[in-house]
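First the structure, in the form of structure tokens, and then the observations on it.
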Amino acid sequence: MSVSEFFHMGGYALYVWSSYGLTTVVMIALYLFAKRDQQQIKQQIARRVARSGSET
Amino acid sequence: MNPVRKKRLLLIGLMVGGVSITTMLMLNAFQSNVMFFFSPTQVAAGEAPVGHNFRVGGLVKTGSVTRENGSLTVQFIVTDGDKSLPIYYAGILPDLFREGQGIIAKGKLDDTGRFTASEVLAKHDENYMPPEVADALKKSGKWKEGQTSMPEGMY
Amino acid sequence: MFAWFFRLGSPKHVYRIAGRFLPWTGGLFLLLLISGLYYSFSAPPDYQQGESYRIIFVHVPAAWMSMFIYMVMALAGGVGLVWKMKMADMVASAAAPIGAAFTLLALVTGSFWGKPMWGTWWVWDARLTSELILLFLYLGFIALQAAIEDTRTAARAGAILALVGVINIPIIHYSVEWWYTLHQPATITKMDTPSIHISMLIPLLLMAGAFKVFFAHVLLIRTRTEILRREQKTGWVQELFKK
């Protein structure tokens, strides 16, 4: 299979690559959102701990 | 029984009830959809309504597909093995549409008994294999008849 | 035996164990994904559908995950409801958005497959409709949890919704047998007569494995986040963030 044949997908390029592309986007988004949420809560706790630490 | 528990039980009861009703409505909808499906035999027996949309399904008869020159209009025959029905359709056919394939057509029957489809859908089966394997199966006679699925009804 | 069960109920313990699993799930996912993608595109074309059938390698694993994650969510919700285990509630909340995303993927990739093959993006047949209802169940669960402020009430309400909705799972699975659907019957569950060629079965199973490990990985991250959120005022979390 040549490179152009590969991308052409027997005429179904639009459907096949849209499916794989969307899957990629959704999975990356799931991962990044999970990471972002965790980063946010970690920063929040770190700030609070630092504040209470400086008070005592 | 204390009031909190009573309230909780009522809430659960309501949710179960709601889901059951939704499910029943769903099943009912599927059931009535099946009723609007007619086989070519039923159409031949005059069971299908005239002038109203319904679905008809069967296998595309081999050698029956003819295309009018210079237009998108196709004519083909669907058969359920017993009776057959000619179908007229102007539009783009799905890629799986081919002779011997199971299809569903939605459309109307006119006074002259001519069925004009507004939509043609192809049904495929759950078998996946490389072309060479399919050819080998056919050659060795191990190809199951009716491998391409025969729609008995739809939706 | 019981010590093991009680440790699973301890957020501190789970936070630590989950953190230790992460590199392994991450690595295994990449391994399965790369080999799965390689075989997905080196497998021969289908005798009827040509190259378009390759959508199966993302569509079917996504659809399997949509049901599997729902079962995980309902089971965790049920455990939280019966044994008042907070850890289980957190797992249920962490799983819901992942499940909703995979359900959406299954629906949309199915649509991309249905258009060229069946000739339509969507039909209201039993399989497609019940999968759409699954998406609504996930969204209902997420909305319910977001709407109720009290964590324990939210967990309880969500668990009840999840458990009632479990009825939809066998409906999705058997819809292609119970009703006449445009969607074809299951390919894999008939163990006696494999109806998919081995060269196509291998990438399908590899991709399914990759999706499952991906779910485990993201679930671990989200569960740890949930633990931090709900336990942020406890001593052990504070201790964790002291230098």
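The values are calculated or read from the model by the stated rules, or taken from the named source; none is laboratory data. None of these values were measured; they are calculated from a predicted model. All Cβ positions, even for glycine, are placed from backbone atoms using ideal geometry, and neighbour counts span all protein chains on display. We work out accessible area using only protein heavy atoms, side chains counted, and drop any ligands, DNA or RNA first. Shrake-Rupley method; radii C 1.70, N 1.55, O 1.52, S 1.80 Å.
Is there a residue in the stretch C:101-111 that is without any contact (Cβ under 8 Å) to a residue 12 or more places away in the chain, in contact with a Phe, Trp or Tyr (Cβ under 6 Å, 6 or more places away or on another chain), open to solvent by 20 Å² or more (accessible area, probe 1.4 Å) and more than 13 Å from C:F215 (Cα to Cα)?
Yes: one or more hits.
Among C:T187, C:T193, which is within 14 Å of chain B (Cβ to nearest Cβ), open to solvent by less than 30 Å² (accessible area, probe 1.4 Å) and modelled with pLDDT under 90?
Criteria check complete, one pass: C:T187.
A:M9 fails exactly one of the following numbered conditions: (1) modelled with pLDDT under 90; (2) at the interface with chain C (Cβ under 8 Å from one of its Cβ atoms); (3) within 20 Å of C:F112 (Cα to Cα). What is the number of that condition?
(1)
Filter the stretch A:43-52 down to the residues that are facing chain C (nearest Cβ under 7 Å) and either over 14 Å from C:I227 (Cβ atoms) or modelled with pLDDT of 95 or more (or both) and list them by number.
Of everything in the stretch A:43-52, those that are facing chain C (nearest Cβ under 7 Å) and either over 14 Å from C:I227 (Cβ atoms) or modelled with pLDDT of 95 or more (or both) turn out to be A:A46, A:V49.
Could you list, in sequence order, all residues of the stretch C:203-243 that are in a helix (DSSP H, G or I), of a type in the set (K, R) and over 30 Å from C:S40 (Cβ atoms)?
Those that are in a helix (DSSP H, G or I), of a type in the set (K, R) and over 30 Å from C:S40 (Cβ atoms): C:R224, C:R229, C:R230.
Can we say C:I160 is open to solvent by 10 Å² or more (accessible area, probe 1.4 Å), over 26 Å from B:K7 (Cα atoms) and at the interface with another protein chain (Cβ under 8 Å from one of its Cβ atoms)?
No.
Checking the structure you have, find out if any residue of the stretch C:9-27 is in contact with a Pro (Cβ under 9 Å, 6 or more places away or on another chain) and open to solvent by 20 Å² or more (accessible area, probe 1.4 Å).
So far as the stretch C:9-27 goes, no, none of its residues is in contact with a Pro (Cβ under 9 Å, 6 or more places away or on another chain) and open to solvent by 20 Å² or more (accessible area, probe 1.4 Å).
What are the residues in the stretch C:29-77 that are modelled with pLDDT of 95 or more, aromatic (F, W, Y) and open to solvent by less than 10 Å² (accessible area, probe 1.4 Å), if any?
C:F57, C:Y70
Identify, from the list B:L14, B:L109, B:L96, the residue that is surrounded by 11 or more Cβ atoms within 10 Å (Cβ to Cβ) and within 30 Å of C:L134 (Cα to Cα).
The match here is B:L96.
Rundown of residues vs (1) of a type in the set (A, V, I, L, M, F, W, C); (2) touching a Phe, Trp or Tyr at 6+ places or on another chain (Cβ under 8 Å), yes/no style:
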residue: B:V19; (1), (2): yes, no
residue: B:M26; (1), (2): yes, no
residue: B:A44; (1), (2): yes, no
residue: B:L59; (1), (2): yes, no
residue: B:L85; (1), (2): yes, yes
residue: B:I92; (1), (2): yes, no
residue: B:L96; (1), (2): yes, yes
residue: B:G102; (1), (2): no, no
residue: B:A105; (1), (2): yes, yes
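What is the residue count in the stretch C:78-90 for residues that are open to solvent by 40 Å² or more (accessible area, probe 1.4 Å) and of a type in the set (A, V, I, L, M)?
2
Would you mind finding the one in C:L205, C:L228, C:L182 that is hydrophobic (A, V, I, L, M, F, W, C) and open to solvent by 40 Å² or more (accessible area, probe 1.4 Å)?
Result of the check over C:L205, C:L228, C:L182: C:L205.
Residues checked against (1) at pLDDT 95 or above; (2) within 23 Å of A:G11 (Cβ to Cβ); (3) within 14 Å of chain B (Cβ to nearest Cβ):
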| site | (1), (2), (3) |
| --- | --- |
| C:L81 | no, no, yes |
| C:G99 | yes, no, no |
| C:T103 | yes, no, no |
| C:P116 | no, yes, yes |
| C:W122 | no, yes, yes |
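Among the listed residues B:A134, B:A44, which satisfies the condition of being over 25 Å from C:W121 (Cβ atoms), open to solvent by 20 Å² or more (accessible area, probe 1.4 Å) and not aromatic (F, W, Y)?
Criteria check complete, one pass: B:A44.
Can you find even one residue in the stretch B:78-91 that is at pLDDT 85 or above, open to solvent by less than 30 Å² (accessible area, probe 1.4 Å) and within 13 Å of another protein chain (Cβ to nearest Cβ)?
Among the residues of the stretch B:78-91, at least one is at pLDDT 85 or above, open to solvent by less than 30 Å² (accessible area, probe 1.4 Å) and within 13 Å of another protein chain (Cβ to nearest Cβ), which makes the answer yes.
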